[in-house]
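Step one of this worksheet: look at the structure below.
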Amino acid sequence: MWRRLIYHPEVNYALRQTLVLCLPVMVGLVLGNLKFGLLFSLVPACCNIAGLDTPHKRFFKRLIVGGSLFAFSSLTVQLLLREAVPLPVILLSMALLLGITAEISALHARLLPASLIAAIFTLSLAGNMPMWMPIILYTLGTIWYGLFNWFWLWLWREQPLRETLSLFYRELADYCEAKYSLLTQHIDPETALPPLLTRQQKVVDLIGQCYQQLHMLSTSSHQSDYKRLLRVFQMGLDLQEHISVSLNLPEEVQKLVEQSHAEAVIRWNALTVAARLRTLSDDILYHRYPSRFSMEKPLSSLEKIAHQHPDNPVGQFCYDHFIRIARVLRTQRPLYVRDLMADRQRRQPLLMALKSYLSLKSAALRNAARLGVMLAGASVLGGALHLPKPWWILMTIMFVTQNGYGATRVRILHRAGGTLAGLLVAAGTLHFHVPEGYTLLGMLFITLVSYLIIRKSYGWATIGFTVTAVYTLQLLSLNGEALIMTRLIDTLLGCLIAFGGMVWLWPQWQSGLLRQNAHDALEKDQNAIRLILAPDPQPGPLAYERMQVNQAHNALYNSLNQAMQEPGFNSRYLSDMKLWVTHSQYIVEHINAMTTFAREHNMLTPDLAQRWLQACEIAIQRCQQRLEYDTPGESGDISILEAPDALVNGPLSRIEQHLKRILGHLSAMHTISSVAWRQRPHHGIWLSRQLRRADD
């Protein structure tokens, strides 16, 4: 029981966040300086946003960099305010200056909003204490936060990686059960594929997260726990590879279901695998050794069906993949040992990052400018409303602004609703004049509960955080009740400014980026097929390239989902692109299947492989060119790239069957894009005839 409690991801996270916040308050209360303890507990908010609690081989180096930026931001704001520099100019300049962090690496990018929040906190403290005190506060607070989290992560060694692996196995179980439980309902891709794509996207995202965590923890490779988790991750890659494959023969599936009880047998195998994956998920999370496992009976039934219907490839296809899944689950060993490639998203040197950042095409520069303009606008609005320090409006903007329109809109709704409900609760409870000791105890309980639910219910958690914020102001200044209506208005104003900034300030509409993401997905498909059909494909690069294909397709699918939520999107264009993405998913599944054949050296002759490779490259280039050029007459310019109708005579091998179906999907995608691209919106980014590369 205690394992399920202490190792549970939500409980472990909530305990860590609550203790790192509340222990300084308790120390301040004991020492008779509650005000300093409450102020000290504000620093972890900056550290959380900066990701300074992320396990990393450069943990203390990142801690020093983060603490230095916080202190620098605090000192800069105070010095510039003393020189009577306008607040909008200060915030815009700081955002543009610190925005270079996003060009260094994705993890460094989190230092930008954290440093701006440190500056905004300092804005609320300036004039109420000496200049040096906020700097000391941030320095000591960052040291406390780093030491506490280092001790916590040492105490629960590898727990963040365990949590990610546990989620990975659980999502694999859900995906396997959803994919094979109702075969006859998978005939219509319009209704069956979108839910499977969503689950597949979650699986691949978790794989990418595991890759990053393994890379960041690579210095601990000599530890036995790390090696065990590395093996578990490689097992998960094998399982994902075989679960996500697709034969894509709905007519053959329907025929086999009508001629036998194959649907029940395949569902039996899938449910057995899903149940075992959920058990392994709990074993990983709660530090348990897995029990024995066997699925001989379901496999034997599936083998009989495959032998009874030799002319139908579905039975043999399912048996081939399920028997490999069962081998992984039985032996608790991956099918082969990968030399996992390091994460290729390395951090750039500062000078190279600065050069990229100074380009007007830099996404980091646009994001920093967007934040800076929103904060400057909020400062101007605060001046118009006679608010000398509109720090609550500024904080609201920082907390609700996300990477995309859809995420920002959801966060705004949750933030506004949670703040309104929290202020109402706080306004009602302040009338009771609860003693200080009981107030602090209630704040501790509310903080713990809020962190327990924040990952799944941000709006409900915001209610708790709003209540604790009001009571913190009450304990600091004894006027929390008088500020409730002001805080509500400030929150609504901050949400409106953030929403306007995401809509009108250099928006990156995903519907406009669909063409580029589709082009990139085809590029990854081509690289993977080229590697699969190489004379001697190496397992390590092959596995990594397969995951690149999955991630590129996920980026495309995620863009499509976000585009469907954007204002003013073209429904016909996105409807056609949805069908295009469906065919792209089938290609991904065929590549997953062919990867297993390449690893097992079940390949073609060099001459035949070269002919298939040329045919696939021709088809992919046709699709890419159709995405680049939109006038009807230009399609004839690429007629020389037509693929041959038939590459071989006689029966096709299994890998040739996959390649032939890939060519069929590429032909359909070429036709779809010919129609879809002419239905695009005719303004802004959609008018660009040439694709804009990310490295331009």
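The values are calculated or read from the model by the stated rules, or taken from the named source; none is laboratory data. Here the structure is a predicted model, which means the values were calculated and not measured. Positions of Cβ are generated from backbone atoms using ideal geometry, with glycine treated the same way; all protein chains shown enter the neighbour counts. When the accessible area is computed, the model is the full protein with side chains, heavy atoms only, and any ligands, DNA or RNA have been set aside. Shrake-Rupley method; radii C 1.70, N 1.55, O 1.52, S 1.80 Å.
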Of the criteria (1) part of a helix (DSSP H, G or I); (2) at pLDDT below 80; (3) farther than 15 Å from L165 by Cβ; (4) open to solvent by 40 Å² or more (accessible area, probe 1.4 Å), which one R199 fails: (2)
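For (1) outside any helix (DSSP H, G or I); (2) at negative phi; (3) buried (at least 18 other Cβ atoms within 10 Å of the Cβ), each residue gets a yes or a no:
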position: T408; (1), (2), (3): no, yes, yes
position: R411; (1), (2), (3): no, yes, yes
position: R415; (1), (2), (3): no, yes, yes
position: V425; (1), (2), (3): no, yes, no
position: H433; (1), (2), (3): yes, no, no
position: T447; (1), (2), (3): no, yes, yes
position: Y451; (1), (2), (3): no, yes, yes
position: G459; (1), (2), (3): no, yes, yes
Regarding region 35-50, can at least one residue be identified that is out of contact with any strand residue (DSSP E or B) (no Cβ under 6 Å at 6 or more places or on another chain), outside any helix (DSSP H, G or I) and surrounded by fewer than 18 Cβ atoms within 10 Å (Cβ to Cβ)? no
Can you pull out every residue in region 241-251 that is open to solvent by 10 Å² or more (accessible area, probe 1.4 Å), of a type outside the set (S, T, N, Q) and either closer than 30 Å to Y544 by Cβ or in contact with a Phe, Trp or Tyr (Cβ under 9 Å, 6 or more places away or on another chain) (or both)? L247, L249
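So is V470 buried (at least 17 other Cβ atoms within 10 Å of the Cβ), assigned to a helix (DSSP H, G or I) and of a type outside the set (D, E) or not?
Details: buried (at least 17 other Cβ atoms within 10 Å of the Cβ): yes; assigned to a helix (DSSP H, G or I): yes; of a type outside the set (D, E): yes.
Considered against the rule, which asks whether it is buried (at least 17 other Cβ atoms within 10 Å of the Cβ), assigned to a helix (DSSP H, G or I) and of a type outside the set (D, E), V470 comes out as yes.
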Picked from region 1-34 (must be assigned to a helix (DSSP H, G or I) and more than 25 Å from R157 (Cα to Cα)), the residue farthest from the chain's Cα centre (by Cα) is V30
Is it true that some residue in region 417-430 is under 15 Å from V470 (Cβ atoms) and without any contact (Cβ under 8 Å) to a residue 12 or more places away in the chain? yes
Among the helices (runs of 4 or more DSSP H) lying completely within region 69-138, list those that include at least 2 residues that are at negative phi and of a type in the set (F, W, Y). none
Just for helices (runs of 4 or more DSSP H) wholly inside region 475-575: which have at least 3 residues that are at pLDDT below 85, open to solvent by less than 20 Å² (accessible area, probe 1.4 Å) and out of contact with any strand residue (DSSP E or B) (no Cβ under 6 Å at 6 or more places or on another chain)? 510-532, 539-565
Picking from V77, V27, which residue would you name as being of a type in the set (A, V, I, L, M) and open to solvent by 30 Å² or more (accessible area, probe 1.4 Å)? V27
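Per-residue answers, yes or no, for (1) open to solvent by less than 40 Å² (accessible area, probe 1.4 Å); (2) more than 20 Å from Y145 (Cα to Cα):
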residue	(1), (2)
C22	yes, no
G32	no, yes
R58	no, no
F72	no, no
A84	no, yes
V89	no, yes
Could you give me the residue pairs with C-beta distances under 7 Å whose first residue belongs to region 659-676 and is over 18 Å from V549 (Cβ atoms), whose second residue is part of a helix (DSSP H, G or I) and of a type in the set (S, T, Y) wherever it lies, and which are 6+ apart or on separate chains? S674/S635; A676/Y573
So V273 clears everything in (1) surrounded by 18 or more Cβ atoms within 10 Å (Cβ to Cβ); (2) β-branched (V, I, T); (3) at pLDDT below 90 except one condition, right? Which one? (3)
Would you check which residues across region 576-588 are under 17 Å from Q200 (Cβ atoms) and open to solvent by less than 10 Å² (accessible area, probe 1.4 Å) and list them? W580, V581, S584, Q585, I587, V588
Quick one: in region 293-320, which of the residues that are without any contact (Cβ under 8 Å) to a residue 24 or more places away in the chain and of a type outside the set (D, E) is surrounded by the fewest Cβ atoms within 10 Å (Cβ to Cβ)? P310
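Can you tell which of L172, L165, L161 is open to solvent by less than 10 Å² (accessible area, probe 1.4 Å), more than 22 Å from R16 (Cβ to Cβ), assigned to a helix (DSSP H, G or I) and not β-branched (V, I, T)?
After ruling out the rest, the residue left standing is L172.
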